[in-house]
Each structure stands twice: as structure tokens, then as C-alpha cells.
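**Student:** Below are the C-alpha cells for one structure; questions will follow.
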Amino acid sequence: MIKVSDIKFFCTFVNQTVKLNGCIMTKHKDNKTEEQILEAAQKIFQAKGMDGARMQEIADKASINKAMLHYYYRSKQLLFEAVFKKAFALLAPQLNAILNDDSSLEDKIKNFTHNYISFIIKHPYLPNFIIQELNRNPKFIEKIKNNVAFPSIDKFKLQVQKEVKNGTIVSISAEQLFINILALNIFPFVASPLIKAFANVDDRTYKTLLEARKKEVSDFIINAIKK
């Protein structure tokens, strides 16, 4: 006959959460497993988007069972947000550093464009996810804005104001200039199916076009504000 003491001893070694004769066996989340899940989810979301991705497929990709996946992330939405936050946590500090370093305005535009496009080529699901999530839940921005590394354009604004005052660039507000930079960088990713259809190009050719935009966008913006 199994004794209660034996069950309690067994509890310390079993790695899952169940109740047995009043004993709660707690499964501790493993960082390596969670990393496997996030990497697998990123690949699936990137290939199929939020709607096309399936939790079972993500579990298979991560080499775990679906129950284990649900233990770490109760829903596909929570998993998607975790993947997004991980990627954004890598991008945000880069952009924040560029906007707040001591480089010239021209270099800021070039570096911002280059870093953003390079990053989104590797994480193409991000722009659409942000837009979809903001449309569905406008308060979503608070989740990412509260990140300590969320980009600040305060120094960028002062720099633009100084350049306008010195007469080195046309009269433009920093906010409008920043919107122009974002729009020209983001739109090709958000509207990629439409642009590929208009341009009649395949995925490989489109990726080449995106690489070329690193220079095209920065040159276009710089030439537009120069006096």
C-alpha cells in the first residue's frame, strides 16, 4: 500500500502539476523550453501569420506536446504577444540609441532606416501585428510604451528644430518628419502582397527591393528636407 509520505516524496521529483491525495505537484517553467517555444512560434507566425498559425503546429515545431505549450502560454494570443515583445525588446533599444545619439540628422535618418528595414526583414510579421492589435485593442500600445527602452524622439525633435532654425533644412516639424520616416519604412511590409502584385515580382525579388530601400528611403527623405 502506498503511504502518504511516499506520495509527498514523489511530488518533489515529478515535473507536472496534478493533485494526488491533497499533494500538489508543481511544474516549474524551464527557460530553455520557453525559448524553444518562442523560436518555434516566431517561425510559424512569420510563415503563416496570426490567423494561420495553429498551436499544435507550434508545439510540433518546438518538439513538445500541446499540453506543455498550453502550460507555458494559455492561448495563441498570449504566445503571439510574447513573441512580439521579445522581438520588440531587441528592436526598440537599437532605434532609441540611434534617435538619441550625437550623430547628425542625416546619419540618424540613414541609420534608423537601415536598422529598421534590416530588422523587419527578419521579423516581417511585426508591423501587421501592431496595426491589427491596435485596431482590435487601442490600449495595446500601453503594453509596449511602458517598456523602458521604448524609443523617445525628444532629442530628435530638438535636433530638427535646431536645423530648421539654422536654415539647413526646410521648415518641418519633427513629428511630421518622423511620421514620414516611419511611413516610408513600414508601408512596404504592411502592403507587401499589394506591392508585389502591382510590381509583378516574386518574394525573392521583393526582398531585393526591400534591401535597396535602405538607401532609397534615406536619400529620398534627406533630399526632401535639404535646402
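The values are calculated or read from the model by the stated rules, or taken from the named source; none is laboratory data. Quick caveat: nothing in here was measured; it's all calculated off a predicted structure. Using ideal geometry, Cβ is built from the backbone for each residue, glycine included, and neighbour counts are taken over all protein chains shown. Remember, those area values only see protein heavy atoms, side chains included, never the ligands or the DNA or RNA. Shrake-Rupley method; radii C 1.70, N 1.55, O 1.52, S 1.80 Å.
**Student:** Taking all pairs of different Cα atoms in the stretch 104-161, averaging 1/r and flipping that mean, what Kirkwood radius in angstroms comes out? Present the calculation step by step, with values, prior to reporting the outcome.
**Tutor:** Values: mean 1/r = 0.0745 Å⁻¹.
Value: 13.4 Å, from the Cα pair sum.
**Student:** Same structure, new question: Heavy atoms of the protein only, probe of 1.4 Å, neighbouring chains included. What is the accessible area of ARG213 in Å², nearest 10?
**Tutor:** 70 Å²
**Student:** Another one. Quick check on my link table: of LYS157/LYS196; LYS110/LYS162; LYS29/LYS122; LYS165/LYS227; LYS43/LYS85; LYS108/LYS145, which ones sit more than 24 Å apart, alpha carbon to alpha carbon? Kindly include the intermediate steps, with their values, before the conclusion.
**Tutor:** Working: LYS157/LYS196 35 Å; LYS110/LYS162 19 Å; LYS29/LYS122 28 Å; LYS165/LYS227 12 Å; LYS43/LYS85 15 Å; LYS108/LYS145 22 Å.
Distance filter (> 24 Å) returns LYS157/LYS196; LYS29/LYS122.
**Student:** Can you give me the % of accessible surface on the chain that is carbon or sulfur? Probe 1.4 Å, all protein chains present, nothing else counted.
**Tutor:** 56 percent
**Student:** Rounded to the nearest 10 Å², what accessible area does ILE186 show when all protein chains are kept and the probe is 1.4 Å?
**Tutor:** Accessible surface of ILE186 is approximately 50 Å².
**Student:** Taking every pair of alpha-carbon atoms in the chain, give the share separated by more than 33 Å as a whole percent. Let's see the in-between values first.
**Tutor:** Working: 8945 of 25651 pairs.
Cα-Cα pairs in the chain separated by more than 33 Å: 35 percent.
**Student:** Separate question: As a test of reading the structure, rank HIS70, HIS123 by solvent-accessible area (1.4 Å probe, protein chains only), most first. Could the numbers behind the result be given before it?
**Tutor:** Details: HIS70 70, HIS123 20 Å².
My answer, sorted largest first, is HIS70, HIS123.
**Student:** For the chain, modelled as a Gaussian network with Cα springs under 10 Å, which listed residue fluctuates most, LEU69, LEU134, LEU210?
**Tutor:** Answer for the Gaussian network model of the chain: LEU134.
**Student:** For the stretch 127-221, give the magnitude of the charge dipole about the Cα centre (Cβ charges: +1 Lys/Arg, -1 Asp/Glu; no others), in debye to the nearest 20. Please list the in-between numbers first.
**Tutor:** Details: 14 positive and 10 negative charges, 40 e Å.
Computed about the Cα centre, the dipole is about 200 debye.
**Student:** Which order do you get for THR33, THR205 if you rank them by accessible area with a 1.4 Å probe, largest at the top? Please list the in-between numbers first.
**Tutor:** Details: THR33 30, THR205 60 Å².
Ranked from most to least accessible, the order is THR205, THR33.
**Student:** Sort GLU34, GLU175 from largest to smallest accessible area, using a 1.4 Å probe on the heavy atoms of the protein chains. Working shown, then result.
**Tutor:** Values: GLU34 50, GLU175 85 Å².
Putting GLU34, GLU175 in descending order of accessible area: GLU175, GLU34.
**Student:** A follow-up question, please. If you put +1 on each Lys and Arg Cβ and -1 on each Asp and Glu Cβ, how big is the dipole of the chain around its Cα centre, in Debye rounded to 20? If you can, show how the numbers build up before the last one.
**Tutor:** On the way: 34 positive and 23 negative charges, 100 e Å.
Using only the charged Cβ atoms, the result is roughly 480 debye.
**Student:** FRET efficiency for ASP102 and GLU216, Cβ-Cβ distance as r, R0 = 35 Å, nearest 0.05? Display every interim value, and only then the final one.
**Tutor:** Working: r = 26 Å, r/R0 = 0.74.
So the FRET efficiency works out to roughly 0.85.
**Student:** Moving to a separate point now. Let me cross-check GLU163: its accessible surface, 1.4 Å probe, with only protein heavy atoms counted, in Å² to the nearest 10?
**Tutor:** 50 Å²
**Student:** Using the heavy atoms of the protein chains and a 1.4 angstrom probe, tell me the accessible area per residue for the chain in square angstrom. Can you show the working numbers first?
**Tutor:** Details: 13830 Å² over 227 residues.
Normalised by residue count, the accessible surface of the chain is 61 Å².
**Student:** Report the Stokes-Einstein translational diffusion coefficient (µm² s⁻¹, integer) for the stretch 111-227, Rh taken as the Kirkwood radius over Cα pairs, at 4 °C with viscosity 1.567 mPa s. Working shown, then result.
**Tutor:** Values: Rh = 16.0 Å.
It comes out at roughly 81 µm²/s.
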